[in-house]
Amino acid sequence: MKDDFIFGLRPVIEAIEAGKTIDKIFVQNALQGPIYAELKTILAKNKIRPNYVPIEKLNRFTRKNHQGVVAFISDVPFHRVEDLVPQLFEEGKTPFLLILDRLTDVRNFGAICRTAECVGVDAIILPEKGAAPINSDAIKTSAGALYNIKICKEPNLAHAVDFLQQSGISVFAATEKAQKLIYDVNFTEPCAIVMGNEETGISKEVMHHSDEKIKLPIEGKTQSLNVSVACGAILYEAVRQKITAVPNP
């Protein structure tokens, strides 16, 4: 944990100015002062959105003099969907994307990233808030795959879904409430697959904006799978379709 975050107004400012990737930043409610005003300006300039929290939350991160600011650093650079998608098309690729809607478990996240990188997912799209931290635990669980796959952080996932659809990318939402099985949809065209939170699933807003709902068949008495396992099964069905759709030479 100590390697993943920094605290204090000036250290955080210097980290941002040095080009460090800020995964999350927590700022004490009603914080004031000239150095904080400088930090606010830098955050706005770099399009970093702080989480405003009570001082008790900051004290849980560290008992040292944090000056009302704690920032979590990521070794993984972040991208924007609106920049990445045109690049994929320009490279002649058929975009294959994964959207993780508020997954909070670091190990699930890392395992999913590992599978996604193995199957050739072009990028993983996350919300800026409410997602698992991209820290050393996530990188370790991903077996280093997080260094080899693009990560997009978006302020509004529903807007990101709209952008994907306007770009010709179909968005499939995985939910046990779906009528259609994963084997009945076409993953060979440009597509994005949405996986939801471990407890509450995909948010209503993102679900509403998606093109189709899909599910895995469940034959046993247990009615749900771990999100990492479910994601792996869906991604590999997409891979199977892509492989079998390619004609033999």
(message) Suppose each label sits 7 Å from its Cα in the direction of the beta carbon; what would the Asp137-Lys180 distance come out to in nanometres?
(response) 3.7
(request) Report the net charge of residues surrounding Gly19, where surrounding means a beta-carbon distance below 15 angstrom and charges are Lys +1, Arg +1, Asp -1, Glu -1. (result) -1
(message) I'd like the accessible area for Leu225: 1.4 Å probe, protein heavy atoms, all chains in place, Å² to the nearest 10.
(response) 90
(request) Could you state the angle between the C-alpha long axis of helix 34-45 and the longest principal axis of the C-alpha atoms of the chain, as a value from 0 to 90 degrees rounded to the nearest 10? (result) 20
(request) Along Cα→Cβ, 7 Å out, is where each label goes; now give me the distance between the ones at Lys64 and Phe78 in nm to one decimal. (result) 2.4
(message) From the phi angles alone, apply the Karplus equation (6.51, -1.76, 1.60; θ = phi - 60°) to region 143-157 and give each ³J(HN,Hα) in whole Hz, x where the residue is Gly or Pro.
(response) 6, x, 4, 4, 7, 10, 10, 6, 10, 10, 10, 10, x, 9, 5
(request) Could you work out the local net charge near Asp162, counting Lys and Arg as +1, Asp and Glu as -1, over the other residues with Cβ closer than 13 Å to its Cβ? (result) -4
(message) Rounded to the nearest 20 debye, what is the charge dipole size of the chain about its Cα centre when +1 sits on each Lys and Arg Cβ and -1 on each Asp and Glu Cβ?
(response) 720
(request) Between Thr188 and Glu90, with labels modelled 7 Å along Cα→Cβ, what's the label distance in nm to one decimal, could you check? (result) 2.9
(message) As a test of the formula, what do you get for the chain when each DSSP H run with n ≥ 4 contributes -39,500 (n - 2.57) and the sum is divided by the residue count, at 222 nm and rounded to the nearest 500 deg cm²/dmol?
(response) -11000 deg cm²/dmol
(message) Students often get this wrong, so check it: of Lys177/Lys242; Lys24/Lys153; Lys177/Lys221; Lys129/Lys204, which have C-alpha atoms separated by over 20 Å?
(response) Lys177/Lys242
(message) Can you give the local net charge around Arg102? Use residues other than it whose beta-carbon is closer than 10 angstrom to its beta-carbon, Lys and Arg +1, Asp and Glu -1.
(response) -2
(message) Placing +1 on the Cβ of each Lys and Arg and -1 on the Cβ of each Asp and Glu in the chain, which of Ile149, Ala245, Leu43 has its Cα farthest towards the positive end of the resulting dipole?
(response) Leu43
(message) Expected output is a single nm value to one decimal: the length gained when fully extending between Glu212 and Ala245, i.e. 0.36 nm times separation in residues minus the C-alpha distance. What is it?
(response) 9.8 nm
(request) Would you mind telling me which residue in Asp211, Asp184, Asp23 has the biggest mean-square fluctuation in a Gaussian network model of the chain, where springs connect alpha carbons within a distance under 10 angstrom? (result) Asp184
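Longest span of the chain, sites excluded, free of GluC sites (Glu not before Pro) in DSSP loop with at most 13 other C-beta atoms within 10 Å?
1-90
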(request) State in Å² the accessible area per residue of the chain; use a 1.4 Å probe, count heavy atoms of protein chains only, and round to the nearest integer. (result) 53
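Over region 40-149, what is the relative contact order in whole percent, taking alpha-carbon pairs under 8 Å and six or more residues apart? Please list the in-between numbers first.
Details: 105 pairs, mean separation 27.9, N = 110.
Relative contact order comes out at 25 percent.
When the gyration tensor of region 64-223 is built from Cα positions, what are the square roots of 5 times its three eigenvalues, in whole Å, from largest to smallest? All intermediate terms of the calculation are to be shown ahead of the outcome.
Working: eigenvalues 131, 79, 50 Å².
In descending order, the three semi-axes are 26, 20, 16 Å.
The values are calculated or read from the model by the stated rules, or taken from the named source; none is laboratory data. Keep in mind that what you see is a predicted model, and the values were worked out from it rather than measured. Glycine gets a Cβ as well: all are built from the backbone with ideal geometry, and neighbour counts include every protein chain shown. These accessible areas exclude ligands, DNA and RNA; they are computed on the full protein's heavy atoms, side chains included. Shrake-Rupley method; radii C 1.70, N 1.55, O 1.52, S 1.80 Å.
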